[in-house]
C-alpha cells in the first residue's frame, strides 16, 4: 500500500496526474485498506471467541463432569445416559424407563444434586455461547459435540424436570444445541 501511495505522489509531482485524481485514488485506497483491516480484525475476534468457547468447555464443564462422575464412581452407571429425544419428561420416562430410573436414583441425593445443578447451568452457559456466536457448525467446535451430547444425556432427567417446572423456559439453549448436535 505504501508503495502505491508513493507512486501516486511522485506521479502527481511529476505532472503525470492532476491533484484531484490523485486525491480520489488515495481516498479509494484508504477506504479499501480500512475495509480490509476491519474484515481482518473481525475474523481475528471471532477466532478468539471460538478459542474462549473451547477453553470454557475445558475449564468449566469438564471439571463439573469429573466431580459428578467421582460421586457416582461406586455405582453401576451403565444405564445413566438418557437421550433427550423428547422435550416432555413423561414421554422420556416412557421411552427410556431404565435410564430414567437410574438417573433419578443416582442424581437425587442432596450432595449430588448440587453438582448436577452446577453442571446443568454450565452446560446452558456453554450452549448460550455457542448459539450466540452462531458457532455450532464451526469445525474447531466439532470436537466438543460428542462430549456435549454425553454430558447433557448424563443429567437429562434433571434438565427435563426443570424445563417442565418452568413451562420449558429453562435450559432452552441446551435443548436447542443438543438437538442440533445429536
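The values are calculated or read from the model by the stated rules, or taken from the named source; none is laboratory data. Computed from a prediction, not measured in an experiment: that's the story for all the values here. Cβ placement follows ideal geometry from the backbone for every residue including glycine, while neighbour counts extend to all protein chains displayed.
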Take residue 101 and decide whether it is at pLDDT 85 or above and loosely packed, with under 15 Cβ neighbours inside 10 Å. yes
Per-region count, segment 100-154, residues touching a residue at least 24 places away in the same chain (Cβ under 8 Å), over 19 Å from residue 63 (Cβ atoms) and out of contact with any helix residue (DSSP H, G or I) (no Cβ under 8 Å at 6 or more places or on another chain): 1
Check off (1) in contact with a helix residue (DSSP H, G or I) (Cβ under 8 Å, 6 or more places away or on another chain); (2) in a helix (DSSP H, G or I); (3) surrounded by fewer than 12 Cβ atoms within 10 Å (Cβ to Cβ) for residue 48 and give me the number that stays unchecked. (1)
Conditions (1) modelled with pLDDT of 90 or more; (2) within 13 Å of the chain's Cα centre (by Cα); (3) farther than 18 Å from residue 67 by Cβ -> residue 143 fails only (1)
